[in-house]
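Only one structure is covered here, and it is reproduced in the block below.
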Amino acid sequence: MKPIVLFLLCTLAGMSATHAQEWRKEREEVEKRFKTVAEDTAKARWRKGGIFNVNINQGSLTNWAAGGDKFSFSLASTFTGYIAYREGRRSWDNVLDLAYGYVNTTSLGGRKSDDRIDFTSKYGYDIGKKWFLSVLLNLRTQFTNGYLYDSVPPRLTSRFFSPAYVLLAPGFDYKPNDELSVFMTPISSRWVLVMDDMLSSQGAYGVDTGKHVLYQLGAYVSVNWAKEIMKDITFKTRLDLFSDYRHNPQNIDVFMTNMLNLKVNKYISANVNVDLIYDDDVREFVNSKTGVKGPRLQVKQVIGVGFSARF
């Protein structure tokens, strides 16, 4: 009987070892699947990316009968980055837009052609039927000093955080699809910051003379639309409207930016940017007929072909 018992014990031990090995392998596969699902879920919650463009142009003339500047150089660069979070009925969108351009010519010297820092953060909670209860924070300013070249020497009119616009707004956000967002609120707070002492002493950008901060309370609307018109051609636009209840509410401040991007290949693209600004508190522009300073519609256009990187 002893050999039989020994044989049975060995057989049972072998079966147990085989079963344990199979169970361990099965458990590892299940854990791997759970890990993959967890990673995919985390990726689905967070989305991030961006695009960087830089365009460089250079020209020179030697004994050129048609005339022109002997040397010219221009650089235009833009960056747009975003981080977005989605989980259930909650969403959080963060977008950073940066732009800087520089031009140098023999006759005019060096001056900037573009300068922007624009950050928007928006948190929303889905309340149904494509409407979100949201809170929006926006900051707009610039990198370097800005001048108007209507006199000699040129007049300093702006610099970093002079001005800066900080807007905080609770409101409603209508998002019928991934291309369109319409944010609106009847009550928003906006701070106009002029941190430079010289500009604040002039009462620039609507601040009281010698003050650095102007507080505004008003209605705010922001429309964002991005659309791939056709393959490798995309159009993006943003329109911000603000009405200050406490000072000339009928004079609505307008900020609009438009970008048309044409992708040539993985690293080459062409883009057209057109920005429009109207701010009744910016009275830096001299009327050639009356000689009186006042607000004007500000228009900026940039066209470029150059290097593009997406990530």
Which listed residue is of a type in the set (S, T, N, Q) and touching a residue at least 40 places away in the same chain (Cβ under 8 Å), from N271, N265, N287: N271
Sole residue being basic (K, R), over 20 Å from L193 (Cβ atoms) and touching a Phe, Trp or Tyr at 6+ places or on another chain (Cβ under 9 Å), chosen from K289, K293, K231, K266: K293
Failed item in (1) exposed (fewer than 15 other Cβ atoms within 10 Å of the Cβ); (2) of a type in the set (V, I, T); (3) in contact with a Lys or Arg (Cβ under 6 Å, 6 or more places away or on another chain), with T62 passing the rest: (3)
Residue within segment 244-255 that is hydrophobic (A, V, I, L, M, F, W, C) and under 20 Å from the mean Cα position of the chain (by Cα) present: yes
Restricting segment 224-264 to residues that are β-branched (V, I, T) and under 19 Å from L276 (Cβ atoms), the residue that is surrounded by the most Cβ atoms within 10 Å (Cβ to Cβ): T257
Single condition L136 does not satisfy, out of (1) within 18 Å of the chain's Cα centre (by Cα); (2) under 17 Å from A99 (Cα atoms): (2)
Sole exception among (1) part of a strand (DSSP E or B); (2) surrounded by 12 or more Cβ atoms within 10 Å (Cβ to Cβ); (3) at pLDDT below 95 for G68, by number: (1)
Failed criterion for D173 (all others in (1) surrounded by 15 or more Cβ atoms within 10 Å (Cβ to Cβ); (2) in a loop (DSSP other than H, G, I, E, B); (3) not hydroxyl-bearing (S, T, Y) hold): (2)
The one condition in (1) assigned to a loop (DSSP other than H, G, I, E, B); (2) in contact with a Leu (Cβ under 7 Å, 6 or more places away or on another chain); (3) hydroxyl-bearing (S, T, Y) that S121 fails to fulfil: (1)
Residue among V166, V182, V192, V221 that alone is β-branched (V, I, T), assigned to a strand (DSSP E or B), touching a helix residue (DSSP H, G or I) at 6+ places or on another chain (Cβ under 8 Å) and modelled with pLDDT of 95 or more: V192
Residue check for L96: hydrophobic (A, V, I, L, M, F, W, C), in contact with a Gly (Cβ under 6 Å, 6 or more places away or on another chain), free of Cβ contacts under 8 Å to residues at least 12 places away in the same chain and surrounded by 14 or more Cβ atoms within 10 Å (Cβ to Cβ): no
Within segment 273-298, considering residues that are acidic (D, E) and in a loop (DSSP other than H, G, I, E, B), the one nearest to D253 (Cα to Cα): D279
Filter pass, L137 being of a type outside the set (K, R) and either over 26 Å from V221 (Cα atoms) or in contact with a Lys or Arg (Cβ under 8 Å, 6 or more places away or on another chain) (or both): yes
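The values are calculated or read from the model by the stated rules, or taken from the named source; none is laboratory data. This is a predicted model, so every value here is computed, not measured. Reconstructed Cβ throughout: ideal geometry from the backbone, glycine too, with neighbour counts over all protein chains shown.
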